[in-house]
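Derivation of every value follows stated rules applied to the coordinates shown; laboratory data play no part. Here the structure is a predicted model, which is why all the values come from computation and not from measurement. Cβ sites come from the backbone with ideal geometry, for glycine too, and all protein chains shown count toward neighbours.
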Amino acid sequence: MKIAFIDQKRDPAPWREVLTAEVPGLDFRVWPDEVDDPAAIDIAVVALPPPGLLKTFPNLKAILSMWAGVESMLLDPDLPRNVPIGRLVDRAMTRDMTHHMVHWVLHYHRDAYRYAEQQSQGLWKSHPYPEAAQRRVGIMGLGALGGDAARVLTYLGFTVAGWATRPKSIDGVEVFLGSDGLVPFLKRTEILISLLPSTPATEGLFNSATLAHLPKGAFFINAGRGTSVVDDDLIAALDSGAIARASLDVFRTEPLPADDPYWNHPKVDLTPHVASHTTPRTAGREVAEDIRRVAAGKKPRNLVKLDRGY
Ligand code: GLV
């Protein structure tokens, strides 16, 4: 198998080490310097490939993404549409995302942001908090990431529901489905988590109309994609107190422009797309498993469906 490693930001060295150790005989080529004959490449292992690039490899058997989200690749009008694409699902990455969610849910549930403010004022004042079972967390997107967060938050005692477009079953988690399930799901949700991918269906899903269904003073945690939020509507909901606070890790434009109002908003907890990282040591093993599958004539796992956009 000959692979082209296409990532203009990351150091290929640790990927070369893991992938060549995991797949004996693998011919690992870093694009562009080491790719002399694009027709000889069997698999493209990619992160944010430049538009138009993938079609220049005429004999690809698969494209394997080093990102969980593949939306930028799907926007490429020249994407070879008959080549199977595998999305990255990695247990370590999933756990990192769950840690991010547990952190922010507890931060809001236990008033950490209030105590930080009170400390700066020298104010000794306690706030009652509900039992975890009385706190209703809602997770949108119940794939590998959302499913794990749902299980762990349930284990921690929260009352967790999920929203998805296709039926899912997770012990102890009430699942709301599709457009009919959206309003009842939002109405019962005090801490809303989005792990939704960026697709035409999720574009602007969090807007003044949908956010208005949340109970007053709800919290919003977004580590899915920034495109699902109508930013002006979220800011208006924060300003009015309809939403108490938001933890935002993903944005429409990244890095977030210096003049973006989120930077200085007193009710926004901002992190620079760090909720979960791709780590070659663990993600490399997942990519290697898919390379072995493709070499054996099989499809990669976690196949991207072009019609649903992830
Ligand atoms: C990160 O956001 C990813 O899609 O892997």
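Under 8 Å for C-alpha pairs, at least 6 residues apart: give me the relative contact order for the stretch 37-194, rounded to a whole percent. Walk me through the numbers on the way to the answer.
Working: 227 pairs, mean separation 25.2, N = 158.
Dividing the mean separation by the residue count of the stretch 37-194 yields 16 percent.
Of Val18, Leu270, Ala164, which is farthest along the charge dipole of the chain in the positive direction, counting Lys and Arg as +1 and Asp and Glu as -1 at C-beta?
My answer, from the dipole projection, is Ala164.
Before rounding to the nearest 500, sum -39500 (n - 2.57) across all DSSP H runs of length at least 4 in the chain and divide by the residue total; then give [θ] at 222 nm in deg cm²/dmol. List each step's numbers first, then the result.
On the way: 9 runs with 95 residues, N = 310.
Mean residue ellipticity at 222 nm (helix-derived): -9000 deg cm²/dmol.
Let a ≥ b ≥ c be the square roots of the eigenvalues of the Cα gyration tensor of the stretch 122-184; is it rounded (a/c under 1.5), or, if not, prolate (a/b larger than b/c) or oblate? Spell out each step's value before the answer.
On the way: a/c = 2.71, a/b = 2.08, b/c = 1.30.
Taking the square roots of the gyration eigenvalues as a ≥ b ≥ c, the stretch 122-184 is prolate.
Please work out how much length the chain gains when fully extended from Arg95 to Lys9, using 0.36 nm per residue of separation minus the C-alpha to C-alpha distance, in nm with one decimal. Each step should come with its number before you reach the end.
On the way: separation 86, 0.36 × 86 = 30.96 nm, distance 2.38 nm.
Contour length minus Cα-Cα distance gives 28.6 nm.
How high is the relative contact order of the chain, given as a whole-number percent (alpha carbon pairs under 8 Å, six or more residues apart)? Intermediate values should be presented prior to the final figure.
Values: 560 pairs, mean separation 57.2, N = 310.
18 percent.
Hey, rough spin-label estimate for Glu71 and Arg151, points 7 angstrom out along Cα→Cβ, what's it come to in nanometres?
With each label placed 7 Å out from Cα toward Cβ, I get 2.7 nm.
Trp263 label point, 7 Å along Cα→Cβ, cut-off 16 Å on backbone N: hits in the stretch 221-253?
251-253
Using label points projected 7 Å from each Cα along Cα→Cβ, tell me how many nm separate Tyr115 and His127, to one decimal.
Each label point lies 7 Å from its Cα, and together they span 1.2 nm.
With a 10 Å radius around each residue's Cβ, average the other Cβ atoms per peptide and rank 240-249, 266-275, 81-90, highest first.
240-249, 81-90, 266-275
How would the stretch 1-56 be classified by its alpha-carbon gyration tensor: rounded, prolate or oblate, with rounded meaning a/c under 1.5 and the a/b versus b/c comparison settling the rest?
oblate
What's the extension gain from Asp37 to Asp171 if we count 0.36 nm per residue and subtract their Cα-Cα distance?
Values: separation 134, 0.36 × 134 = 48.24 nm, distance 5.05 nm.
Additional length available on full extension: 43.2 nm.
Could you give the length gained by full extension between Ala21 and Ala201, i.e. 0.36 nm per residue of separation minus their alpha carbon distance, to one decimal place? Present the calculation step by step, with values, prior to reporting the outcome.
Numbers: separation 180, 0.36 × 180 = 64.80 nm, distance 4.00 nm.
Gain on stretching Ala21 to Ala201: 60.8 nm.
So, by mean Cβ neighbours within 10 angstrom, what's the order for 165-172, 62-69, 228-235 with the highest one leading?
Numbers: 165-172: 12.4, 62-69: 21.9, 228-235: 19.8.
Packing proxy ranking, top to bottom: 62-69, 228-235, 165-172.
Using the beta-carbon distance between Asp239 and His277 and R0 = 41 Å, what value does 1/(1 + (r/R0)^6) give for FRET efficiency, to the nearest 0.05? Write down the numbers at each step before the final one.
On the way: r = 32 Å, r/R0 = 0.79.
Given R0 = 41 Å and the Cβ-Cβ separation, E is 0.80.
Just want to confirm a number: the relative contact order over the stretch 92-270, from Cα pairs under 8 angstrom separated by 6+ residues, in percent. It would help to have the intermediate numbers written out before the result.
Details: 301 pairs, mean separation 28.3, N = 179.
This gives 16 percent for the stretch 92-270.
Using the Cα centre of the chain as the reference point, and only Cβ charges (+1 on K/R, -1 on D/E), how large is the resulting charge dipole? Debye, rounded to the nearest 20.
Around 1000 debye, computed over the chain.
Taking every alpha carbon pair in the chain, what does the distance histogram look like in 10 angstrom bins from 0, in percent?
Reading the bins upward from 0: 6, 25, 30, 22, 12, 4, 1.
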